2 protein chains.
Amino acid sequence: MPTTAQNLYSPTVKGFIPMIYVAWADGLLSPSEVRIIRERISAMPNLDVSEREILFNWIEPSHWPDESTFRNWMHLMKETGAEIDLNDTQSIVDLGLAMAKRSSVGDALPDLKALEDTLRDLQREFKLPPPAKFRALHAPHIELPEKPSVNEQEMQRFLDGDSYELKDRIKKILSDPLFDRTVIRDKDKYRQKVLEWLKLLAEQGYGALGYPEAYGGEGDIIRYAAVFEVLAHFDLSLAVKFGVQFGLFGGSVQHLGTKIHHDKYLRQIGDAQLLGCFAMTETGHGSNVRDLETLAIYDADTHMIDVHSPDFAAGKEYIGNAMHATIASVFAQLIVQGENQGVHAILVPLRDAQGNLLPGIRIEDNGYKMGLNGVDNGRIWFDHVKVPRENLLNRFGNITLLGRYESEIPNPSKRFFTMLGTLVAGRICVAKGALSAAKSALTIAIKYGLKRRQFGPDRGEEMLIMDYPTHQRRLFPPLARAYAANFALQDLVTRYQNRSGTDLRLIETQAAGIKAYTTWYANSTIQECREACGGKGYLWENRFADLRSDADIFATFEGDNTVLMQLVAKGLLSSFRQEFNDAGFMGAIRYLASQVSDSFLSLNPVYKRKTDVDHLLDPSFHLHAFKFRQRKLLYSLGSRMRNMFRKRITPYDVFLRTQTHMIELAEAYVELIILEQFQQKVLDLQDGPEKDIILPVYQLFALDTIEKNKAWYLEQDYLEYVKTKAIRHTIDRLCQQIRPHCDHLVNAFGLSDHLLGAEII
Amino acid sequence: MPTTAQNLYSPTVKGFIPMIYVAWADGLLSPSEVRIIRERISAMPNLDVSEREILFNWIEPSHWPDESTFRNWMHLMKETGAEIDLNDTQSIVDLGLAMAKRSSVGDALPDLKALEDTLRDLQREFKLPPPAKFRALHAPHIELPEKPSVNEQEMQRFLDGDSYELKDRIKKILSDPLFDRTVIRDKDKYRQKVLEWLKLLAEQGYGALGYPEAYGGEGDIIRYAAVFEVLAHFDLSLAVKFGVQFGLFGGSVQHLGTKIHHDKYLRQIGDAQLLGCFAMTETGHGSNVRDLETLAIYDADTHMIDVHSPDFAAGKEYIGNAMHATIASVFAQLIVQGENQGVHAILVPLRDAQGNLLPGIRIEDNGYKMGLNGVDNGRIWFDHVKVPRENLLNRFGNITLLGRYESEIPNPSKRFFTMLGTLVAGRICVAKGALSAAKSALTIAIKYGLKRRQFGPDRGEEMLIMDYPTHQRRLFPPLARAYAANFALQDLVTRYQNRSGTDLRLIETQAAGIKAYTTWYANSTIQECREACGGKGYLWENRFADLRSDADIFATFEGDNTVLMQLVAKGLLSSFRQEFNDAGFMGAIRYLASQVSDSFLSLNPVYKRKTDVDHLLDPSFHLHAFKFRQRKLLYSLGSRMRNMFRKRITPYDVFLRTQTHMIELAEAYVELIILEQFQQKVLDLQDGPEKDIILPVYQLFALDTIEKNKAWYLEQDYLEYVKTKAIRHTIDRLCQQIRPHCDHLVNAFGLSDHLLGAEII
């Protein structure tokens, strides 16, 4: 089919262009519309075979005209339209005739009468408005390419990056019959099974991946996180137990301890010979860990630390591994020479070799939970338990032989937050685990949607539910978000692995934000997928029961999401304060103000009404919109705070009054960094069928996020209705465009039936 | 305190009004602000005791100035402001001085110098903008009344209506030790327990409430639904089992059968002597029940009906009571004399007296589910099972002795949908059950929020988490929605009980919509409440685990929510078509168009920028906004459909292209009917402390719903930013206003600790 040089089309063919354009532009051509157009074209005299072929090709409903054809039509129409003064009295027929006449100069004169009759006929059939009024002439159009041959493995490599082979290996291990999937309702039996699995993995060296080579590891947190990610596909209890033992507990020894601790414990931990807990959270203090109540009082005479829970609420709670562990990293207020040095971690043995509790230790099972019943969470109290001085994990603060406290970080609060920095890897893993659960759910729901039929036109075959627009609208945006989060997390863990000291603060902020964002996303996505599978989704055998119940707590543990989002906002505010240290906070605010007004707001007048497809799908539009939102929210938050500070409102009151604003800012920031990564990844991708199907996924993520926030954009006058409406149409089209490839997109997650564990697929 | 006559204030006192107004209007006065103002006032010479007292009273942070005081300030300021030309060069000080001067005419001249100094001083302290720019002068203000003495029982009666005593009785029964709450992980044991409970309730006559008196009941579906509602607080498995036995199965016999069936079965069903299933859904057909595949072929020679599952997917699935029942109402395509008469219900015995399966019956356990594991769901296949002619539930279609089919409803499809009308009561109950679960969750989360402290100002006591604005924002709007749904359901079930034939269609539509709306609402609310309780919310002992997992399927069973919402939209479209039967569908559209433009859009120019508090809290503004949304969506949907029909697009294609639009319309409709009920209930309420605390709950529901849809309102240019912003502030204030009463509001649900079953409260 000729697509570029306009003179390749005969005048008669050109005369049809406006009619066919409009028919397509309002959506897919329906079979009855196609039938009518075909009839009229067939009935035309003096139309040669090639002309008919071109026209028939253009209205073939099985594939959309490709984008260049469409653009060419538009180009030709605009050329002619500019000459004939498009107004309400002009019809699509007039435009078509003008195009035919215009191009017949010097050509054999076409049968204008027959063309006009046919066009008028069709116009009557379709009740078309004049072209000047026709929305579609200004509205976006997106090509719906034919299904290319896609290399799913290539896509999987693209998603997995360097971890592809390792992940593949773990998947093979998990397909061993030892990793069977059965209902185990009894918590003790389920925990026993998970413990066995954990030891199997440890035996093969996967637990130690994050530790230094000297202790059996590879010092590679990227690879450690990749293992966690795969385990989370198989069983979230196993993933969490793995994370508690090797990440949290082992990580505390690795990052908060020094060589004596590493030498004594790290290899045994990696082998799962020594099982341990990360005993931080208390009943009375979850989010506010700085104010934990457990005491660790150093006695200089005996060189012993006395670990004690002063009251019931000071007991440690939800502690994973509590029923199996023989030792714990206990976080407590360290008192040396009567002075509180803030929270430190101290290794406290819990059980003897036979598994009996040691004196002074009281442990209670946390019992059944909504999910994760394969993880043994418990409560722990200490009644003046004495441990030697060496049990203090002393990387950031030490007690000398002479019984004095020393640290390179003088401020206790700052010291503690430095220690907490070691939680970053855990947060990245939690986000990855949640994403895995969401990917599993999406794969099951989309595969089911491609099998399940329900309803349909009268007397016709029932339709695949995946062909319902509402079904696409509920599953494809979260699918796009899974791709987006995938790249953001890949990038984050890589930067964490290769960090230098100065990056850490930024990585911490981003990890907190992405953890909150991804876990909320995962919970709502799994829910959506469950509902999309109807009653089948409710049966245990189809996996959603566990995915939903297990992943639920990810929104709370390793930092409550709402609290983390506030942390992100505070991080953003304080980095601005830091950057503009000379000018001070007000300087930062002034700078922000100028930024927003200069480079952003000034673009608005044209921008907010721009609805052409090139613009809507343009990565730089997306980036601009995301950045604008983040900066504007930061600026307005800063201004509000400044005003309150000027009015002498106490900092805590200021924080309270701006809390919801902070969370909005944090979300905007997380969305921005996710977008930036996704853009870069996709734009860097080599041309080919894989890029062709991932690009619309990126576009859907970008536009769906803008649409989700459209109330704000409308309020800011950044978008007008004409544009939000065009965005909505474009999202619908992108969903249609993704529909033929959605199986490739979920297959690229590389999840076997065994990993998914759902009977319905 | 003088509040009305303006001349009761001295000129000096008046001079302070703008300053104090502005200080209040930006939010609560902080303690440090109060301190500063008090100091400056104290330092003023020539101020008498009563003047000082008035001023101190006005800035007392423990209670807000009451609304009339506030209004009076505003009035005085506006009066003066109109005279002195408020502009950017004018300051709060200028306005204050003008007010003092204005009122000192004929009065003793005040010490203007001292007043001016003090005001300038304060202005410097607080960095106040000129009054013309000050948002608060136009922004809403809401009184925060002191905690009145509220009669919680009175509120409970208001919520429960006529069912108050019955509900109370059921609550007492459930507090019997027989209704203990323990973890039962094994499904068979749990099911056994639920069955025992069911029989206990039946013995006392609660199962039969909906049946006619002749069969041991009261013919009262309102009371039946009230029992269901209370059971849903205690254990959702019990509620569902109860609903399956007495509502669905018993209801099918009652509503689809005739006297012979009633005489033979109804009393035994009500006593739970005869356990039965409602066997409608099939593996292959859930939502599209019209196309069920089970066959019921009548053999005129033997007078027997042959019930048969032609293939695996034709098996009945998710059938509650399947493992306990001895009989089932089986929905199947009824073939008489070779002609398919559409879906009918036939009673098919499943087991003998010893519980053994009868020949031709195959039943499989559906196994573990996400929740509701106390309900025995199973799959049932029939292999040419023969039952006598009399087993056809023949109210809407009968087979005569001569073997001919007869029905008063000639169209098989219409006949079936008439039969489905009997599902209405079930849908109302499902909505009520979901609402109960949400109320339980809200009660637990709010009570916990009033106990749990976390974080706080430096060196101060930690704050109650219920005092965090974010916490209020996440729990109070759903609390308001629980009140709203409560009244809507109360009204709906009452109309259903007292229906005449013509109402039924409307009630059906509304039941479908409210079922979908309430169950979605319940799931998201329980989730929010779970997260609001952090780790505690994840433990089984605190109830959310069951609430969340059990209620989840309410979004799917008795009609998938997405499908139901489309049903609602279709109902709305077709009632319009009906109302304008003469003018036809186009007439209806034209009528709608004129409605929207005349009575609604024309109000807009002033309306969309109106931000004063009276307007924002005015029920007629809310009603207008809700109606506008519903009508505009109906109109635009109608127009879009008309255009598509004109273009000869097939009805099914039209339906597909407008699917998301339909769901939006349905939601708007449901919100409108809920609002109307809530408004009426609250406005009819007698003045008193109960009304004082329920009114802001109503206002919160109305404004929060408008805010949820604000993107749409902005797009339609119905609201402008200045107004959406004022709405946001008003919602924040309403949350503050509700905060002191939130315990009353949940206590009014009347849920004992035993019913709630949460350790944390």
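Among the trypsin sites (Lys or Arg not before Pro) in segment B:377-480, those placed in a DSSP loop whose Cβ has at most 16 other Cβ atoms within 10 Å are B:404, B:451, B:459. Taking the C-alpha atoms only, the angle from helix A:164-174 to the longest principal axis of chain A is near 70 degrees. Computing Rg and the Kirkwood Rh from the Cα coordinates of the protein assembly as shown gives a ratio, Rg/Rh, of 0.98.
Can you tell me the dipole magnitude for segment A:276-418 around its Cα centre, using point charges on the Cβ only (Lys, Arg +1; Asp, Glu -1), in Debye to the nearest 20? Please report the intermediate quantities before stating the final value.
Working: 12 positive and 17 negative charges, 69 e Å.
Taking the Cα centre of segment A:276-418 as origin, the dipole is about 340 debye.
In this simple spin-label approximation, residue A:722 and residue B:151 carry label points 7 Å from Cα along the Cα→Cβ vector, and these lie 6.1 nm apart. Each other copy holds its own label point for residue B:660; taking that point as 7 Å from Cα along Cα to Cβ, the gaps run 2.6 nm, nearest first.
Calculate the all-directions average of the projected area of segment A:276-418's alpha-carbon convex hull, and give it in nm².
Working: hull surface 35.0 nm².
Computed as one quarter of the Cα hull surface, the answer is 8.8 nm².
Our estimate of slack between residue A:290 and residue A:38, defined as 0.36 nm per intervening residue step minus the Cα-Cα distance, is 83.2 nm. The length gained on full extension between residue A:652 and residue A:494, counted as 0.36 nm times the residue separation minus their Cα-Cα distance, comes to 53.3 nm.
Using the 2.2 N^0.38 Å rule of thumb for compact globular proteins, work out how chain B stacks up: its C-alpha Rg over that value, please. Walk me through the intermediate numbers first.
Working: Rg = 31.4 Å, N = 761, 2.2 N^0.38 = 27.4 Å.
For chain B, the normalised Cα radius of gyration comes out at 1.15.
For the pair residue B:312 and residue B:450, label points projected 7 Å from Cα toward Cβ lie 5.5 nm apart. When chain A is described by a simple charge dipole with +1 on each Lys and Arg Cβ and -1 on each Asp and Glu Cβ, the residue from A:747, A:342, A:9 located farthest towards its positive end is A:342. Using only side-chain charges placed at the Cβ, +1 for Lys and Arg and -1 for Asp and Glu, the dipole size of the protein assembly as shown relative to its Cα centre rounds to 980 debye. Between this copy and the others, label points of residue B:570 are 5.4 nm apart in ascending order, each placed 7 angstrom from Cα in the Cβ direction. Here segment A:686-730 is scanned for amide nitrogen atoms under 15 Å from the site 7 Å beyond the Cα of residue B:643 along Cα-to-Cβ, giving A:722-723, A:725-730. Computed from Cα positions, the angle between helix B:187-203 and the longest principal axis of chain B comes to roughly 90 degrees. Sorted from closest to farthest, the other copies place their residue B:312 label points 5.5 nm away, with each point set 7 Å from Cα along Cα→Cβ. With R₀ set to 56 Å, the beta-carbon distance separating residue B:409 from residue A:660 gives a calculated FRET efficiency near 0.55. Using only alpha carbons, segment A:617-761 has a radius of gyration to Kirkwood radius ratio (Rg to Rh) of 1.11. The phi torsions of segment A:738-744, fed into the Karplus equation with coefficients 6.51, -1.76 and 1.60 and a -60° offset, translate into couplings of 6, 3, x, 10, 5, 5, 4 Hz, rounded to whole numbers, with Gly and Pro shown as x.
Considering only A:279, A:298, A:310, and ranking their Cα positions along the charge dipole of segment A:276-418 that arises from unit charges at the beta-carbon of Lys, Arg, Asp and Glu, the one farthest toward the positive end is A:279. Structure note, pairs B:101/B:610; B:14/B:78; A:316/B:187; A:723/B:710; A:536/B:369: Cα-Cα distances above 21 angstrom occur for B:101/B:610; A:316/B:187.
What range in chain B is the longest one free of GluC sites (Glu not before Pro) that are in a loop by DSSP and have at most 16 other Cβ atoms within 10 angstrom?
Values: sites that count: B:146, B:218, B:408, B:461, B:462, B:759.
The segment B:463-758 is the longest one with no such site.
Helix B:67-84 and the longest principal axis of the Cα set of chain B meet at an angle near 50°. Every helix of 4 or more DSSP H residues in chain B counts as -39500 (n - 2.57), and over all residues that averages to -17000 deg cm²/dmol at 222 nm.
Read the figures in this text as sums done on the coordinates, not as results from a lab. It should be emphasised that the depicted structure is a prediction, and the values quoted were computed from it without experimental measurement. Please note: Cβ atoms are built from the backbone with ideal geometry, for glycine as well, and neighbour counts cover all protein chains shown.
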